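Each reported figure results from applying straightforward, stated rules to the coordinates on display, with no laboratory input. The shown structure was predicted, so the numbers you read here are calculated from the model rather than taken from an experiment. Every residue, glycine as well, gets a Cβ built from its backbone with ideal geometry; the counts of neighbours run over all protein chains shown.
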Amino acid sequence: MATALLAIAVASRALRGRGFRELIAWRLGVILVAVLVGAIALAIAVPLVGAYDVTVVEWWLIPSAREGGARFAIAIALVIANAIALELALRGWILERMLELSPGPPGLPIFTAALAEALVLPGPLAARIGVLLFGAGLGVLYVGSGRNLAVTLVARCAFALGALLWAAG
């Protein structure tokens, strides 16, 4: 799903003569805050995931990852690639385009982009509600950082890697 969304996002931005580079500003303070946000989101999600029997990592996607070693390293690379693809598509394309087209405050575009994320990602209702909340939080983080995609990229990667390590443990 993330790959298809990313392909559409790249094509859409390219047709308008834009890339993603203009949305990313790497700064150490931003990266540290984003890692903290991702870790906090994971700390909130873990007890909820256990309470609702929702899996954070779908092991059937990477069945040999639990064997460790090089296979686990591949799983890490896949999780990071998926997280980056989702952020580029969801915040760097969908939310960014909605903010460009919306003259009002960012609340409705943030919620709409988060809702789109909850609808396209698989999982039961409890997982989708979590995705909606996480997506809305990343949207607020994106807008609050001055529309800096580096923040949400790092936060999502921190969350996804933490989820992978938690699920593997």
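Grab the DSSP H runs of the chain that are 4 residues or longer, score each as -39,500 (n - 2.57), total them, divide by all residues and round the 222 nm result to the nearest 500 deg cm²/dmol. Intermediate results must be reported in sequence, preceding the final value.
Details: 7 runs with 120 residues, N = 169.
Theoretical 222 nm ellipticity from helices: -24000 deg cm²/dmol.
Taking label points 7 Å from Cα along the Cα-to-Cβ direction, Ile24 and Ala167 give a separation of 2.4 nm.
The alpha carbons of the chain occupy a box of 48, 32, 31 Å along the principal axes, longest dimension given first. Hey, in the GNM for the chain with a 10 angstrom Cα cutoff, which one of Leu78, Leu90, Leu115 fluctuates hardest? The residue with the greatest mean-square fluctuation here is Leu78.
Between helix 28-52 and the chain there is an angle of about 50 degrees, using the helix long axis and the longest principal axis of the Cα atoms. Enter the Cα centre distance for the pair the stretch 68-82 and the stretch 143-161, rounded to the nearest angstrom. Value for the Cα centre distance between the two parts: 20 Å.
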